[in-house]
Structures are given as structure tokens and as C-alpha cells.
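The values are calculated or read from the model by the stated rules, or taken from the named source; none is laboratory data. In this text the structure is predicted, and so the values were computed from the model without any measurement. All Cβ positions, even for glycine, are placed from backbone atoms using ideal geometry, and neighbour counts span all protein chains on display. Side chains are part of the model used for accessible areas, which takes the heavy atoms of the whole protein and leaves out ligands, DNA and RNA. Shrake-Rupley method; radii C 1.70, N 1.55, O 1.52, S 1.80 Å.
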Amino acid sequence: MSTDNPTAKTNHNPKLAVILSILLAGLGQLYNRRYVKGTLFIILEVSFILTLGQFINYGIWGIMTLGTLAGTDHSVFLLIYGLVALVLIAFAITLYIANVKDAKRDAIRLRDGEKVPTFKQALRNVWDTGFPYFFVTPGLVMLVFIVVLPLLFTIALAFTDYTQYNQPPRNLLSWIGFENFGRLFFGTGARDSNIWQDTFISVFTWTVVWTVVATTLQIALGLFLALLVNDPRIKFKRLIRTILILPWAVPAFVTILVFAAMFNDRFGAINTDILAMFDLAIPWLQDPFWTRIALIMIQTWLGFPFVFALFTGILQSISKDWYEAADVDGASRMQKFRSITLPHVLYATAPLLIMQYAGNFNNFNIIYLFNEGGPAVRGQNAGGTDILISWVFDLTFELNQYSMAAAITLILGLIVTGFAFFQFRRTRSFKEEGNI
């Protein structure tokens, strides 16, 4: 602390300014003789308490109890009110912290004899330095209420007993902790927990297999065709590229419905026109194994055109000098592919390829449109080809198992988020320039 400055106020106490700001927003500013700013903070806090205090109090009570009178209190509404109250409290705490920091900063300036800007100068400084934040804030607020709030609601439902037989307002919901997750992972809790555990293991295993096999096949096929078309010995490249991209031009849902008809066991063209020549008939829609094979083939057909177009552009950007240098060194075709082509392609496309895996992990359309996740499997409450996202759909709209659907959604989100975050962190394409 400087004592040589004649304008310094050594008796001005920043700690007192902080304490006053904590007691009531704006008191610290008044202590610092920032009367306009202090008055605005006081008005803001008093208005917040008078207009939203009762709602926040009701929301906190609602989220803690989820209601006390069955038939009168609606647990879902109370849960939503509570989450909104928590969001409002978070905004209030943010502004309160800003108020305390502002009072402390001005108090330190006054103590050290530094010039404190006037209210008009402060407004000008805030506008100059905080210009981007003024335009980001409305979008951030909308994001919180449109995206974050429903996400919090889903997470909260995963820890309740919201089922088909326990719905508000007829019944009140209760907080049951991690019971839903115990039923999924360990088969503990309710009498039907073994069914939940068996179904979850089966669906999760198929989801992983589906994601890895279908995505890898579409990427491998796209890369293989891109390498062939990029070969200088191939003629009519434009025509070939156009033909190979055509499946991408057709809406995916149309293609899936056409394939569903073609794979139909009774009248589908694959059984009646192609396999019939060899006296074969495969139960594509009745046997889970063959349904899964059909789904993987369809997804490969749907996914390879995008990968082909992506790889084609990357291959054309590779300098021919690299291959000529490799020829001089006596490298084989496979060595050039492994040391030049593949690293260059993966470096440029790794984030998009990761998104392909994440997208297929949640690829609801093909599973639902082809066979609605069927065929049925005895002893399970999911179809033989249901993946996690389609199982969540069935639990929500058909079985009304809302809390279990929310629990699975939470698991699903954590898996996809963790996988994507881990891979993006390891991908050189997403590292800052100069740190590669």
C-alpha cells in the first residue's frame, strides 16, 4: 500500500466494503461514494427479492419435497419450478459476486489514491470492454432456459420413481437416489430388476457393436472407393463420382423405407427375386441376427457417400511430390498408403470421423424406420435391434417408464460426451496453432 500519494485514503477499508456488499448489494458502492452505482445495485436486489422471492421459495420447497398432497400438488410442475428457481439463484449469485468484486476493486483504488472513474466513464468503459458480452448474454440466457433447463429436468427425473403406475397428480413422486441405476447395472431394487439389467446389457452391447461395425464399414468403403477413383489410371472420374454420391442425394428416410420393403420376409425383392434363385429365404425381420446384418448393410450404404466425398477432396490436396519422393526411395504402394495417404487423410478428417461414430451411436432414424427396433425378444422390454436411443423412445412413449428413460438418457449422454471429449482432446486438428 502506497503512503506517499497525497490522494490516498489510508483509512478506507476494502474489507469493510466487501462486508457491506455482502450484507446488501450496493452498500459497498455507497461506502466508496459511488452513489449512482450503489443505488442501482440496491434497487436491483430489492426488486429481485420482491418480485421473485416468493417464487424461489416455493420452487425450492417444491424441488425438495416434490409435493405433500396427492391429487393437489403436481410433482413434475414442482420439479420444474424448483429448477427454474435454481437457475435464477445462479444468476443472482453471479451478479452478487460481481457486486462484491466491484466494491472491493473501487475500495482498493480509493485507499491507494488511484483515480476512480465517474459513473459516465464507467459506463463508457463497460461498453468498450464488454461490447461482445452484451450481445452474447441474450443468447446465453435463451440457451439456459431452452437447452440447459430441459437437460437438468431429464437428469432430475432419473433420480425419481416416475413410472406408468406412479404418475402425478394422482400420485406424488419421490426422490429414490441411484435406485434406477442400480436396477440397470446390478439388478438391485424392484422385483423386475433382472429384466432391466439383462435388457440394458443386451441393448448396450448391440449399441457398441452397431456403432463400431457400421461406422467402420462406411468409412472403410468410402476410403476404398475414394482411393480407386483418385487413381490416375481411372477414366470418367466425374461420372463415377456422381454415381457414387447419388445415395447421399436421396433423403435417408426414403432409402430406409425402400430397404425395409426390399428386406421384407414375405414379399421383399431380396427374398423373392434374388435369394429365391438359390432356394434360400432369410428371416430378415424375424431373426434379430439377420435384422442386425441388414441394418449394418443399410447404414453402410447410407454413410459411405459422405465419407467418399470427404476423402476425395482430401486426397486431391496431397502433393504429388511426396509420392514421387517415396518412389525414389523405393517405397511400395502399401508403404506410401500407410506413411503418406492415411496419416494425411486422418489428420484432416479426424473430427468429422469421430462425429460419424457419435452420430451412429444415436442413430434413431434407421433403427425405428426399418423395423421399429424389432423383432421382440423374450425376457426383455426392448427389441432385438433397439439401441439405447430407440429404447429410450420406447420407454418414454410406449411403456411410460419416464424415470428409467431419463436414467438411460443420462448414461447415453455421459458416454457420448466422454468419448467425444477424449477423442477431440487427442486429435491434433483441435490443438491450438503453435502447440502442435
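Among all positions in region 228-239, there is no residue which is closer than 27 Å to Leu295 by Cβ, of a type in the set (Phe, Trp, Tyr), free of Cβ contacts under 8 Å to residues at least 24 places away in the same chain and open to solvent by 70 Å² or more (accessible area, probe 1.4 Å).
Every condition in (1) open to solvent by 50 Å² or more (accessible area, probe 1.4 Å); (2) free of Cβ contacts under 8 Å to residues at least 24 places away in the same chain; (3) part of a helix (DSSP H, G or I); (4) not basic (Lys, Arg) holds for Gly330 except the one numbered (3). Applying a threshold of 9 Å to beta carbon distances and a minimum spacing of six or more residues, or different chains, the list of pairs starting in region 174-185 at a residue that is under 17 Å from Leu66 (Cα atoms) and ending at one that is open to solvent by 50 Å² or more (accessible area, probe 1.4 Å) and in a helix (DSSP H, G or I) reads Trp175/Met64.
Taking region 273-305, which residues are open to solvent by less than 60 Å² (accessible area, probe 1.4 Å), assigned to a helix (DSSP H, G or I) and β-branched (Val, Ile, Thr)? Working first, answer last.
Kept after step one, since they are open to solvent by less than 60 Å² (accessible area, probe 1.4 Å), are these residues of region 273-305: 275-276, 282-285, 287-288, 291, 293-296, 298-300, 302-305.
Still in the list and also assigned to a helix (DSSP H, G or I): 275-276, 288, 291, 293-296, 298-300, 302-305.
Scanning region 273-305 gives Thr291, Ile293, Ile296, Ile298, Thr300.
For region 3-84, give me every one of the helices (runs of 4 or more DSSP H) that falls completely inside it and has 1 or more residues that are open to solvent by 90 Å² or more (accessible area, probe 1.4 Å) and at pLDDT below 95. Output list reads 14-23, 35-65. Only one of the listed residues (Lys115, Lys37) is in contact with a Phe, Trp or Tyr (Cβ under 7 Å, 6 or more places away or on another chain), of a type in the set (D, E, K, R) and over 30 Å from Asn166 (Cβ atoms). That residue is Lys37.
Given the residues Ala98, Ala70, which is the only one that is free of Cβ contacts under 8 Å to residues at least 40 places away in the same chain and either in contact with a strand residue (DSSP E or B) (Cβ under 6 Å, 6 or more places away or on another chain) or of a type in the set (A, V, I, L, M) (or both)?
Result: Ala98 is the single residue among Ala98, Ala70 that is free of Cβ contacts under 8 Å to residues at least 40 places away in the same chain and either in contact with a strand residue (DSSP E or B) (Cβ under 6 Å, 6 or more places away or on another chain) or of a type in the set (A, V, I, L, M) (or both).
Find the residue count for region 179-203, including only residues that are open to solvent by less than 20 Å² (accessible area, probe 1.4 Å), polar (S, T, N, Q) and at pLDDT 80 or above. Final tally of qualifying residues: 2.
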